[in-house]
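Written below as structure tokens is the structure these notes are about.
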Amino acid sequence: MPEAVIEVMNATKIYEGRTILDSIRMDVFRGETLVILGGSGSGKSTLLRLMIGNVRCDGGDIIAFGESLGKMTPKELDDYRKSVGVLFQSGALYNSMTIADNVALPLREHSNLSEEIIEIVVKMKLEQVGLRQHAEKLPSMISGGMKKRAGLARAIALDPKVLFYDEPSAGLDPVTSAEIDQLIIDLNKKMGVTSVVVTHEMDSAFRIADRMVLLDRGKFIADGTPDEMRNHKDPLVHQFVFGLAEGPLTDRRRAGGYEEDLFGPPGGL
């Protein structure tokens, strides 16, 4: 049985009376790339924030490396976050800093390494993502795909145990998206990290996933390998995975309840 490095234990999150996540139960296994799928408003980004420790569950818990995130002190949460890396959807680079300084930032903030060592580490991380020659450029001087790669170099600066990706292919052309996907695959193999990827891009998902989880309106719907998801008998899973124009998702929209489809039932019930 694979080792679960993160256990989502009936996690529930409520905002302003609306249930965004409803008793989600799932595991993330060591060394795998788990892709979390779902349409807009499905709760996948909220689930990612819970696993990162940016927000706390309103019910249930997240167990990471055997420890409860819900019971951690602020100091313990800070230490936990140092053990994970996050690639944000926009890259989230500081525009006033060079690419090298963006990558060096977590090393300067969270390690006691000398500047000489930090410089070497930065070059190594930029080489891993193919950006070493662009180290002294500002974010405004590079393309969207290069910004994603620079963000990824910063995310791996502290050699994290788990990498979280929030829509890594968003806004990228198909070729650049495929390059980012290949980077995710290579980093998993070379660094031995565990990856959790939130996306609704099915081409990307099938390229990188060892396993997939599908959420819909804050509920866990299905999980499985890519082949298992392709062959799933649930009509909702089938429609989402293949991007079909007909099925329960579009039937629900046509039947009305559009506001509920977006925001969940009134009062979160």
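Since every read-out is calculated from the coordinates, none of them should be taken as a lab result. What you see is a predicted model; the values in this text were computed from it and never measured.
Taken along its three principal axes, the alpha carbon spread of segment 76-156 comes to 36, 29, 23 Å, from the longest extent down to the shortest. Just so you know, the Cα atoms of segment 35-105 work out to an Rg and Dmax of 14.6, 42 Å. Close amide H pairs (under 5 Å, H built 1.01 Å from N) link residue 21 with 13, residues at least 5 positions away or on another chain. So how tilted is helix 144-155 from the main axis of the chain? Cα-based, degrees 0 to 90, rounded to 10. With rounding to tens, the tilt is 80 degrees. Where does the chain land at 222 nm, in deg cm²/dmol rounded to the nearest 500, when only DSSP H runs of n ≥ 4 count, each adding -39500 (n - 2.57), divided by all residues? Counting only the DSSP helices, I get -11500 deg cm²/dmol.
Could you quote the convex hull projected area for segment 1-50, Cα atoms only and averaged over all directions, in nm²?
On the way: hull surface 15.4 nm².
Mean orientational projected area (segment 1-50, Cα hull): 3.8 nm².
Considering all C-alpha pairs of the chain, those separated by over 22 Å amount to 58%.
Using equal-weight Cα scatterers in the Debye expression, the normalised intensity of segment 90-212 in log10 at q = 0.14, 0.20, 0.21 Å⁻¹ is -0.57, -1.13, -1.23. All C-alpha pair distances within segment 146-264, sorted into 10 Å bins from zero, spread as 12, 38, 31, 16, 3 percent across the bins.
Which translational diffusion coefficient, to the nearest whole µm²/s, is obtained for segment 1-150 from the Stokes-Einstein equation, given a Kirkwood hydrodynamic radius over C-alpha pairs, 37 °C and 0.692 mPa s? Using the Kirkwood radius from Cα pairs, D works out to 187 µm²/s. In straight-distance terms, cross-link reach from residue 125 covers every one of the lysines whose alpha-carbon lies under 22 Å from its own, apart from those fewer than eight places away in the same chain; here that gives 82, 137, 147, 148, 161, 189, 190. Considering all alpha-carbon pairs of segment 208-248, what whole percent are spaced by more than 16 angstrom? The calculated P(r) of segment 208-248 puts 29 percent of pairs beyond 16 Å.
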